[in-house]
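*Asks:* Provided herewith is a single structure, encoded as structure tokens, for subsequent inquiry.
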Amino acid sequence: MKISKLAAGYDEKAVISDVDLEVEHGEYFGLIGPNGGGKSTLLKVILGLIPPLQGTVMVYGEPPEKGRRHIGYVPQYSHFDKDYPISVMDVVLMGRRRNRGAWPWYGKEDKKAAREAISAVGMDGFEKRSVGKLSGGQKQRVFIARALVGKPRMLLLDEPTASVDARIEESIYKLLKELNREMTIVLVTHDIGVISSHVETVACLNRHLFKNNEPVITPEMLEESYQCPVDLIAHGIPHRVLAPHEHGDEGGIR
Amino acid sequence: MTFHLMDYLTAPFFQQMLVAGILASLACGIIGSLVVVKRSVFIAGGISHTTFGGIGFAYWLQTIGLDWFDPLFGAILFAVGAALIMSVRSLRDRFREDSTIGMLWVLGMAAGIIFLHFVDPSVRPLSAEAILFGDILLVSTTDIMIILGLVAIIYIFGLVFFKDLKMLTFDEEFARISGVNTSFLNTLLMVLIALTVVILIKVVGVVLIIAMLTIPAATANIYTRNLWSMMLLASIIGVVLTTAGILFSSMTDLPPGAVIVMTMGSIFLLSLLGKAIYSKVHSFRESNS
């Protein structure tokens, strides 16, 4: 995915501008930024839902309207109506719409692919269950399965662990790590702590993009993007993503 | 006064009333379910009230000599027109959606009142009240033919686009990135809602249309786990309760539209109550096991 000199927004007003970004195939990339910083605007441009005001976006060498067929998109599951009468199988089958086209029915191979995707996210036996009655973590898995069933080259997730508890969160990241062996993972979140311990590369977005090509968030990046001093606290060595810094022995920096 | 069921069942006016009610319920099973899951009840309300203007317009045309212009044609014209106006993307972006709907709603009603004012009483067999609250007693054979055609259109499009309509109503953004032409499909759904509304005018009248569209579907939603079975159950509930309502209104001499709506409302409330009791008992058992 390659984004250059991008400006985008609504009604000719740019929410984000001068965004340059390159994500290589196979990367595990995290995009963080405060709410209102333009994360969802950037997502919409990448998915071809709104046209850029300036600059270009290429997804696997094609403009978003075409290139998005390589993207498996996982929206925030909390947006869905829990009373909508729909089964896990039916939701996952939606991911085959692109393969199936306007033809009114899904076929055998679609159902087979759906069962495989449900199995890949560890939801075997849940095919006929009502999506509205599942827990947050289970719903998230169903939406990941829906993204996987179209055999994408890149998985794009919007706040995948918003409102799930820490244990479920960990299991979802474990799943993403496994999926990363076969595909690019792009993760968008406002939760710095979450992203830092899992991704390989990271960028901060707040109207402009700040990136260095390491899995490290520097205080400068954060302060520039959040426009205010930010506390960075790293919990223990294994999860450390902060650059070595002066007060390293205390595990925190200001 | 005694009530003789067989006399009613064999009377042509009663049979036509039943046929219209059943056809309307079948349309409502499909379109009502989509309206409920997409939360478009207010849109359906707006479309249904504009048809009052269309009916007034048709009677006015009859007054000035266009005898063939059936009131249902006027209703179709205004309902589909309102549906198309509400589908215009730029209009929805420019003004608040609910304000646009509200305006069409009242403008349609006002136009109807003005048109009816100029109508020659001899061409207008119906009072404004009959248009607003239903005149199922006066369903003609022509009406049945028009309604049958509309139901056929609704079923054909509903079935052909079922898979995409499910996607659209569940997750419009995902539908769009998956290649569904969402603006076309949204417009199509609006037009199908408009046609369903036209069918319902004859059965329950302009004001009570929303009840036929939403109550059977909302009741079916309580018991079903996928959209397909929701549509099926909503159709069955609609057919049974409409028939029951028509029979009851004939027995009691109460207006059929209002009786049908009250019957549906009672069943919905009973279903909610039943569900609440069931889940209470269920959780009580689980906590004791």
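The values are calculated or read from the model by the stated rules, or taken from the named source; none is laboratory data. Small disclaimer: the values here were computed from a predicted structure and weren't measured. Note that each Cβ is placed from the backbone with ideal geometry, even for glycine, and that neighbours are counted across all protein chains shown.
*Asks:* When the range B:23-44 is examined, which residues are found to be within 23 Å of B:LEU132 (Cβ to Cβ) and either surrounded by fewer than 20 Cβ atoms within 10 Å (Cβ to Cβ) or hydrophobic (A, V, I, L, M, F, W, C) (or both)? If you could, list the steps in order and put the result at the bottom.
*Replies:* Looking only at the range B:23-44, we keep the residues that are within 23 Å of B:LEU132 (Cβ to Cβ), and these are B:23-25, B:27-28, B:31-32, B:35, B:40-44.
Across the range B:23-44, the qualifying residues are B:LEU23, B:ALA24, B:ALA27, B:CYS28, B:ILE31, B:VAL35, B:VAL41, B:PHE42, B:ILE43, B:ALA44.
*Asks:* Within the bounds of the range A:54-66, is there any residue that is buried (at least 20 other Cβ atoms within 10 Å of the Cβ) and within 12 Å of chain B (Cβ to nearest Cβ)?
*Replies:* Initial filter on the range A:54-66 (buried (at least 20 other Cβ atoms within 10 Å of the Cβ)): A:57, A:59, A:64.
From what is left, the residues that are within 12 Å of chain B (Cβ to nearest Cβ) are A:59, A:64.
So far as the range A:54-66 goes, yes, one or more of its residues are buried (at least 20 other Cβ atoms within 10 Å of the Cβ) and within 12 Å of chain B (Cβ to nearest Cβ).
*Asks:* Also: Which count do you get for residues in the range A:82-98 that are more than 7 Å from every other protein chain (Cβ to nearest Cβ) and surrounded by fewer than 18 Cβ atoms within 10 Å (Cβ to Cβ)? I'd like the intermediate steps shown before the answer.
*Replies:* Taking the range A:82-98 first, the residues more than 7 Å from every other protein chain (Cβ to nearest Cβ) are A:82, A:88-89, A:91-93, A:95-96.
When the remaining residues are screened for being surrounded by fewer than 18 Cβ atoms within 10 Å (Cβ to Cβ), the result is A:82.
Number satisfying all stated conditions: 1.
*Asks:* Output yes when any residue across the range A:118-128 is away from chain B (no Cβ under 13 Å), without any contact (Cβ under 8 Å) to a residue 12 or more places away in the chain, more than 11 Å from A:VAL142 (Cβ to Cβ) and of a type in the set (D, E, K, R), and no when none is.
*Replies:* At the first step, the residues of the range A:118-128 found to be away from chain B (no Cβ under 13 Å) are A:118-125.
Next, from what is left, pick out any that are without any contact (Cβ under 8 Å) to a residue 12 or more places away in the chain: A:119, A:124-125.
Then drop every residue that is not more than 11 Å from A:VAL142 (Cβ to Cβ), which leaves A:119, A:124-125.
Subsequent filtering for residues that are of a type in the set (D, E, K, R) retains A:124.
Taking every residue of the range A:118-128 in turn, at least one turns out to be away from chain B (no Cβ under 13 Å), without any contact (Cβ under 8 Å) to a residue 12 or more places away in the chain, more than 11 Å from A:VAL142 (Cβ to Cβ) and of a type in the set (D, E, K, R).
*Asks:* Could I ask something else about it? If A:GLU169 satisfies every condition in (1) free of Cβ contacts under 8 Å to residues at least 60 places away in the same chain; (2) assigned to a loop (DSSP other than H, G, I, E, B) but one, which is the exception?
*Replies:* (2)
*Asks:* Would you confirm, using the coordinates I've provided, whether B:SER229 is more than 16 Å from the chain's Cα centre (by Cα), within 14 Å of chain A (Cβ to nearest Cβ), free of Cβ contacts under 8 Å to residues at least 40 places away in the same chain and assigned to a helix (DSSP H, G or I)? Please lay out each step first, then the result.
*Replies:* Details: more than 16 Å from the chain's Cα centre (by Cα): yes; within 14 Å of chain A (Cβ to nearest Cβ): yes; free of Cβ contacts under 8 Å to residues at least 40 places away in the same chain: yes; assigned to a helix (DSSP H, G or I): yes.
Considered against the rule, which asks whether it is more than 16 Å from the chain's Cα centre (by Cα), within 14 Å of chain A (Cβ to nearest Cβ), free of Cβ contacts under 8 Å to residues at least 40 places away in the same chain and assigned to a helix (DSSP H, G or I), B:SER229 comes out as yes.
*Asks:* When the residues of the range B:127-155 are filtered to those that are at pLDDT below 80 and among the aliphatic types (A, V, I, L, M), which remaining residue is surrounded by the most Cβ atoms within 10 Å (Cβ to Cβ)?
*Replies:* Looking at the filtered set, the residue picked out is B:ILE136.
*Asks:* What are the pairs with Cβ atoms under 7 angstrom where one residue, in the range B:140-151, is more than 15 Å from B:TRP68 (Cβ to Cβ) and the other, located anywhere, is assigned to a helix (DSSP H, G or I) and among the β-branched types (Val, Ile, Thr)? Sequence gap at least six, or different chains.
*Replies:* B:ILE144/B:VAL19; B:ILE147/B:ILE199; B:LEU150/B:VAL198; B:LEU150/B:ILE199; B:VAL151/B:ILE199
*Asks:* Could you list, in sequence order, the residues of the range B:232-247 that are more than 14 Å from chain A (Cβ to nearest Cβ) and either in contact with an Asp or Glu (Cβ under 6 Å, 6 or more places away or on another chain) or buried (at least 18 other Cβ atoms within 10 Å of the Cβ) (or both)? Steps first, please.
*Replies:* So the first thing to find is which residues in the range B:232-247 are more than 14 Å from chain A (Cβ to nearest Cβ), and the list is B:235-247.
The answer is B:SER235, B:ILE237, B:GLY238, B:VAL239, B:LEU241, B:THR242, B:GLY245, B:ILE246, B:LEU247.
*Asks:* Filter the range A:142-161 down to the residues that are of a type in the set (D, E, K, R) and surrounded by fewer than 24 Cβ atoms within 10 Å (Cβ to Cβ) and list them by number.
*Replies:* Step one: of the range A:142-161, the residues of a type in the set (D, E, K, R) are A:146, A:151, A:153, A:158-159.
The answer is A:LYS151, A:ARG153, A:ASP158, A:GLU159.
*Asks:* A:GLY101 versus (1) among the small types (Gly, Ala, Ser); (2) within 12 Å of another protein chain (Cβ to nearest Cβ); (3) touching a Lys or Arg at 6+ places or on another chain (Cβ under 8 Å): which is the lone unmet condition?
*Replies:* Every condition holds for A:GLY101 apart from (3).
*Asks:* Here are some residues: A:ALA166, A:ALA145. Which one is out of contact with any helix residue (DSSP H, G or I) (no Cβ under 8 Å at 6 or more places or on another chain) and of a type in the set (A, V, I, L, M, F, W, C)?
*Replies:* A:ALA166
*Asks:* Please indicate, with yes or no, whether at least one residue in the range B:108-126 is buried (at least 23 other Cβ atoms within 10 Å of the Cβ), of a type outside the set (S, T, N, Q) and within 13 Å of B:HIS49 (Cα to Cα).
*Replies:* Residues of the range B:108-126 buried (at least 23 other Cβ atoms within 10 Å of the Cβ): B:108, B:112.
With the extra rule that they be of a type outside the set (S, T, N, Q), the set shrinks to B:108, B:112.
Now restrict to residues that are within 13 Å of B:HIS49 (Cα to Cα): B:108, B:112.
The answer is yes, given that some residue of the range B:108-126 is buried (at least 23 other Cβ atoms within 10 Å of the Cβ), of a type outside the set (S, T, N, Q) and within 13 Å of B:HIS49 (Cα to Cα).
*Asks:* Same structure, new question: When the range A:45-87 is examined, which residues are found to be of a type in the set (D, E, K, R) and closer than 16 Å to A:ALA147 by Cα? Reasoning before the result, please.
*Replies:* At the first step, the residues of the range A:45-87 found to be of a type in the set (D, E, K, R) are A:62, A:65-66, A:68-69, A:81-83.
Those that are of a type in the set (D, E, K, R) and closer than 16 Å to A:ALA147 by Cα: A:ARG68, A:ARG69.
*Asks:* Quick one: is B:GLY274 farther than 26 Å from B:LYS163 by Cβ and surrounded by 18 or more Cβ atoms within 10 Å (Cβ to Cβ)? Can you show your working first?
*Replies:* Values: farther than 26 Å from B:LYS163 by Cβ: yes; surrounded by 18 or more Cβ atoms within 10 Å (Cβ to Cβ): no.
In short, no.
*Asks:* Can you tell me which residue within the range A:71-81, out of those that are assigned to a loop (DSSP other than H, G, I, E, B) and either out of contact with any Asp or Glu (no Cβ under 9 Å at 6 or more places or on another chain) or within 8 Å of chain B (Cβ to nearest Cβ) (or both), is surrounded by the fewest Cβ atoms within 10 Å (Cβ to Cβ)?
*Replies:* Checked the range A:71-81; the qualifying residue surrounded by the fewest Cβ atoms within 10 Å (Cβ to Cβ) is A:ASP81.
*Asks:* Among the residues of the range B:19-41, is any closer than 15 Å to B:ILE146 by Cα, over 14 Å from the mean Cα position of the chain (by Cα) and in contact (Cβ under 8 Å) with a residue 24 or more places away in the chain?
*Replies:* Yes; the residues of the range B:19-41 include at least one that is closer than 15 Å to B:ILE146 by Cα, over 14 Å from the mean Cα position of the chain (by Cα) and in contact (Cβ under 8 Å) with a residue 24 or more places away in the chain.
*Asks:* Also: Could you pull out the residue among A:LEU47, A:LEU43 that is in contact (Cβ under 8 Å) with a residue 40 or more places away in the chain, in contact with a helix residue (DSSP H, G or I) (Cβ under 7 Å, 6 or more places away or on another chain) and within 14 Å of chain B (Cβ to nearest Cβ)? Let's see the steps before the verdict.
*Replies:* Details: A:LEU43 fails: in contact with a helix residue (DSSP H, G or I) (Cβ under 7 Å, 6 or more places away or on another chain).
Being in contact (Cβ under 8 Å) with a residue 40 or more places away in the chain, in contact with a helix residue (DSSP H, G or I) (Cβ under 7 Å, 6 or more places away or on another chain) and within 14 Å of chain B (Cβ to nearest Cβ) holds for just one of A:LEU47, A:LEU43, which is A:LEU47.
*Asks:* Here's a follow-up. Please verify whether the range A:23-38 includes one or more residues that are out of contact with any helix residue (DSSP H, G or I) (no Cβ under 6 Å at 6 or more places or on another chain) and within 13 Å of another protein chain (Cβ to nearest Cβ).
*Replies:* Start the filter on the range A:23-38 by keeping residues that are out of contact with any helix residue (DSSP H, G or I) (no Cβ under 6 Å at 6 or more places or on another chain), which leaves A:23-29, A:31, A:35-38.
Right, trim to within 13 Å of another protein chain (Cβ to nearest Cβ) and you get none.
Within the range A:23-38 (the criterion being out of contact with any helix residue (DSSP H, G or I) (no Cβ under 6 Å at 6 or more places or on another chain) and within 13 Å of another protein chain (Cβ to nearest Cβ)), the answer is no, since none of the residues qualifies.
*Asks:* Also: Enumerate the helices (runs of 4 or more DSSP H) found wholly within the range B:26-97, keeping only those where 2 or more residues are in contact with a Pro (Cβ under 8 Å, 6 or more places away or on another chain) and farther than 28 Å from B:LEU241 by Cα. Give the derivation first.
*Replies:* Working: elements: B:41-63, B:71-87, B:89-94.
Counting at least 2 such residues, we get B:41-63.
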